[in-house]
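Colleague: My structure is below; once you've seen it, I'll send some questions.
The values are calculated or read from the model by the stated rules, or taken from the named source; none is laboratory data. In this text the structure is predicted, and so the values were computed from the model without any measurement. Note that we place each Cβ from the backbone using ideal geometry, even for glycine, and neighbour counts take in every protein chain shown. Just so you know, the surface numbers come from the protein's heavy atoms only, side chains and all, with ligands and any DNA or RNA stripped out. Shrake-Rupley method; radii C 1.70, N 1.55, O 1.52, S 1.80 Å.
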Amino acid sequence: MRRTVLALVCSLTLSACAVPHARDDVRLDKAAASRAEVDEVLDEYREVRESAVELLDPKPLSTVEQGAVLAIDTGSFEVLQRSATAQKGDDTGRGEVTDVEVPRFAKYPLWFYAVVRDAKLGINRVQVFERTSSVDPWVLTASPETLDKTELPPIRRSQGAALRVPADDGVGMAMSPQKAAQAYAAVLADPKAPGADAIADDSFIQQMRSTAETNAALKDVRFSQAWEAQDVQYALRTSDGGALAFVTLLRTDTYAVDDGLTVTWPEGTPQRAFLSAGISGSGTLTYLHQVLLYLPGGDGPPRALGQYGGVVSGEGDQGAVR
């Protein structure tokens, strides 16, 4: 039996953004949290994260994370657990808090936005923490990463509180955050999709397209890739009248392998961790990507400023993981 080794490497280099202008169109009610409460939430998250990293075990994270970010982190820990070079105590949870934006709400769920700079890695983690009720804890629900040099657009405030943008609100922009998320997913799936010219051809799109082309070029392997945008839950008004939206994308890579061929990945790669026996016949790898999408005020095209993602499940003829 012939074996083909497939190595996928995707390093994201995301561009900086522009800014300016102003608008105020959101009614304010109740602040989500005080700065003291925000600091307490961030400190607790760091402690739990450090414990999980020290143990190389994602289980503690379930008390401070949920949704896509928990799935992505759990997948990354599983990769580390299967890596011969993994080392305990490699802390990636610390950092300097450089910005906090707290919107106002009339009811639960509440959420706030924090930017945490990791000087060691040269990145910023743009994080959203949410509380679904008065008896529930604050948990991390989104954490896209930007390069240190990437400028984030200033957030518009009124009476000291950040202004939220409903997912279906396209006022002052080329489209609403939800439509932008759907259009972005469509362009990732097909660069010739209708309305593709309304989305900026940013670094994330280019990297994902390059990865798909590499897979599609594999001999005796038929490859396809699908993208789906989930409902947008978090978006803030920027000072230019646009929006900064947190978009979660579901990506599915499908492989159909000719008889007598097995596709495998090198030791230590995420794909190998989820499909250790490789793929014979057919198989899929499922990814989640949390994209920080900037919708400029006016007619400017939406573009990604950062992302955080990874493999969350795999299934093949040789067996399934998770």
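Colleague: Can we say residue 121 is within 21 Å of the chain's Cα centre (by Cα) and part of a loop (DSSP other than H, G, I, E, B)?
Modeller: Taking the combined requirement at face value, the residue satisfies it.
Colleague: Tally up the residues in the stretch 131-145 that are open to solvent by 20 Å² or more (accessible area, probe 1.4 Å), over 25 Å from residue 302 (Cα atoms) and either free of Cβ contacts under 8 Å to residues at least 12 places away in the same chain or assigned to a strand (DSSP E or B) (or both), please.
Modeller: 3
Colleague: Of everything in the stretch 146-167, what is of a type outside the set (A, V, I, L, M), in a loop (DSSP other than H, G, I, E, B) and under 24 Å from residue 302 (Cα atoms)? Give them in sequence order.
Modeller: Correct list: 148, 149, 150, 151, 153, 154, 156, 166.
Colleague: Right, another one. Being open to solvent by less than 30 Å² (accessible area, probe 1.4 Å), touching a helix residue (DSSP H, G or I) at 6+ places or on another chain (Cβ under 6 Å) and more than 30 Å from residue 156 (Cβ to Cβ) narrows it down to one of 235, 193, so name that one.
Modeller: Step by step, each of 235, 193 is checked, and only 193 is open to solvent by less than 30 Å² (accessible area, probe 1.4 Å), touching a helix residue (DSSP H, G or I) at 6+ places or on another chain (Cβ under 6 Å) and more than 30 Å from residue 156 (Cβ to Cβ).
Colleague: (1) surrounded by 18 or more Cβ atoms within 10 Å (Cβ to Cβ); (2) under 19 Å from the mean Cα position of the chain (by Cα); (3) closer than 24 Å to residue 41 by Cβ: which one isn't true of residue 148, the others all being true?
Modeller: That leaves (1) as the condition not met.
Colleague: Let me ask something additional. Where residues in the stretch 186-206 are in a loop (DSSP other than H, G, I, E, B) and charged (D, E, K, R), which of them is nearest to the chain's Cα centre (by Cα)?
Modeller: Per the stated criteria, the residue is 202.
Colleague: What number of residues within the stretch 284-302 are farther than 13 Å from residue 229 by Cβ, in contact (Cβ under 8 Å) with a residue 40 or more places away in the chain and either crowded, with 23+ Cβ neighbours inside 10 Å or hydroxyl-bearing (Ser, Thr, Tyr) (or both)?
Modeller: Summing the residues that are farther than 13 Å from residue 229 by Cβ, in contact (Cβ under 8 Å) with a residue 40 or more places away in the chain and either crowded, with 23+ Cβ neighbours inside 10 Å or hydroxyl-bearing (Ser, Thr, Tyr) (or both) in the stretch 284-302 gives 5.
Colleague: Would you pick out the residues in the stretch 238-264 that are surrounded by fewer than 18 Cβ atoms within 10 Å (Cβ to Cβ) and more than 30 Å from residue 130 (Cα to Cα)?
Modeller: 254, 256, 258, 259, 260 - these are the residues of the stretch 238-264 that are surrounded by fewer than 18 Cβ atoms within 10 Å (Cβ to Cβ) and more than 30 Å from residue 130 (Cα to Cα).
Colleague: While we're on this one: Return the residue satisfying two criteria in turn: it lies in the stretch 29-57 and is touching a Leu at 6+ places or on another chain (Cβ under 8 Å) and of a type outside the set (D, E, K, R), and of such residues it is surrounded by the most Cβ atoms within 10 Å (Cβ to Cβ).
Modeller: 32
Colleague: Just to verify a result, which residue in the stretch 265-283, among those that are surrounded by 19 or more Cβ atoms within 10 Å (Cβ to Cβ) and of a type in the set (Gly, Ala, Ser), is farthest from residue 230 (Cα to Cα)?
Modeller: 280
Colleague: Which residue is farthest from residue 240 (Cα to Cα), if the candidates are limited to the stretch 170-185 and must be open to solvent by 40 Å² or more (accessible area, probe 1.4 Å) and either in a helix (DSSP H, G or I) or out of contact with any helix residue (DSSP H, G or I) (no Cβ under 8 Å at 6 or more places or on another chain) (or both)?
Modeller: Checking each candidate, the answer is 182.
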